[in-house]
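To start, the structure under review is shown below, and the notes come after it.
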Amino acid sequence: MVKSYFIACIIFLGAACAKTPVTTVSVHINGRAVDAPLLYTPDSTYRLALDSTGSATVILAEGFRPGYAELRCGLVKLPLYVEPDKSFDVALGFRDKKVVPEFAGAGAAVNEYLNKKPGEYPDFKLDETQFIQALEDMKKVEYAHLDSLGFSEEFVNVEKQRLHYLIYRYFELYPGYHAYYTQQEDFKPSDIYYNRMRTLIREDESLLGLDVYRTLLTDFVRIYSTKDLETGDALAHLKAKLDYIDKNMSNPAVVSFLVNRFVTDYVSSAGVDDLPEFESVYRAKVISADDREKFEEVCAEWTKVKKGQLSPPFQFADIDGKKFGLQDFAGKYVLIDVWATWCPPCRSEIPALKELEHQFKDKNIVFVSISCDQDIADWEKMVKGGTLGGIQLHDGGDREFMKAYRIRSIPRFILLDREGYIISANMTRPSNPKTAETLENLEGI
């Protein structure tokens, strides 16, 4: 059970605030140093100042909104529920790399319930109709169990909504898992699957504070709106999602959330070169001031490396220690590949990249690969293996070039003109036919 060091603190708080009942959340971290854990409630964020015993107590704001909360301790995210006059203590222990929470107090039962072990996975080998029924049966069992626990009506009502989306997270996984377990690599969902998915795309502004609702709503709209697209082009996918929202959704808050999520995700990975094609939609639909402010910050960073800007510099060495920078390629177009030996998508692009190098070997373009391998020996081994072409460089642990280009995932391809100005900070991959087409059409190539 939770240790007794909480008791004195709770007694003190109760005496000091006898005239106004307070709700507290007391936290103890056992066996691991954590800097300033955060408690997120529906309407506030609390930074916990742990004392020498790893303990802290938060008094929730008077009149706080009840609902789901989250305690974040480093990488640990613990689901919680806060209600007026239901104080509770939570002690976090760490055993075998697992978090073991223990609760005490008036709010303990609900939070123990939220942190129970998840149930068994459904049978993904079932056909679509059977699988949909299996999820319905699972939901009935969970609802019946919840009804038997004697929780408040308010919690039961909101928890049933959470359970609905928690269970239907398996629905999103079904196509890939079914193909794997039945060994049908070419399996594609039928109208049965998509028609059911369509009914699950519910607009409910009151659920936007629920992470599982936001996640599945986003995923279902993404999957359903792009199901008929044969292209993998990210901009085409974004336009399909925005078009679906425009034609099928009406709640301003839900529309605002989805448009912001899809547009911000696109700009975060692809930059602002295409922004004029969807900026007006963003401005018209996104009503959250916080979302708009964060979006502007993302755009501001990408504006530094948009088309027409002078490329950030680099100075990296090849395997013989000879250093190269952009100035060494003046007068030539430059196609840069930021990659690593441990990255499967990076390695899968190597044959297509070598084919491009061969195709344009007599052209006014140079191909430069910059490895970000932490273990330089892995890179050296691959370079010495002779399977790579172009100019092979290693960043030596200097990530400033990657930071400047906002590189969060690899491979990333960058195309520069003959004077070092950016043509594309997020160039199509060599395996994409558009890449060769773009290079062919460069002036003076």
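The values are calculated or read from the model by the stated rules, or taken from the named source; none is laboratory data. Predicted model only: the values in this text are computed from it and were never measured. In this analysis, Cβ positions are derived from the backbone assuming ideal geometry, glycine residues included, and neighbour counts consider all displayed protein chains. Areas reflect the complete protein model, heavy atoms only, side chains present, ligands, DNA and RNA absent. Shrake-Rupley method; radii C 1.70, N 1.55, O 1.52, S 1.80 Å.
Numerical summary
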item	result
Ordering of 140-150, 291-301, 367-377 by packing [mean C-beta count within 10 Å, highest first]	367-377, 291-301, 140-150
Convex hull per residue volume in Å³, alpha carbons only, for segment 113-167	76 Å³
Beta bridges by DSSP in the chain, antiparallel share as percent, to the nearest 5	70 percent
P(r) of segment 313-445 over all Cα-Cα pairs, binned every 10 Å from zero, in whole percent	12, 48, 35, 4
Karplus 3J(HN,Hα) series, Hz, for segment 402-407 with 6.51 cos²θ - 1.76 cosθ + 1.60 (x for Gly, Pro)	5, 5, 4, 8, 6, 7
Cross-link reach list, lysines versus Lys307, counting only Cα pairs under 29 Å and skipping chain neighbours closer than eight places	Lys239, Lys241, Lys285, Lys294, Lys323, Lys332, Lys354, Lys361, Lys363, Lys403, Lys434
Accessible area in square angstrom per residue, segment 227-381, 1.4 angstrom probe	52 Å²
Whether segment 82-182 is rounded, prolate or oblate, judged on the alpha carbon gyration tensor where a/c under 1.5 counts as rounded	oblate
Protein accessible area in segment 319-387, 1.4 Å probe - carbon and sulfur %	51 percent
Whether segment 58-134 is rounded, prolate or oblate, judged on the alpha carbon gyration tensor where a/c under 1.5 counts as rounded	prolate
Kirkwood Rh (inverse of mean 1/r, distinct Cα pairs), the chain, angstrom	26.0 Å
Segment 289-390, Rg to Rh (Cα coordinates; Rh as Kirkwood inverse mean 1/r)	1.05
Portion, in percent, of the accessible area of segment 213-317 that falls on carbon or sulfur, probe 1.4 Å	48 percent
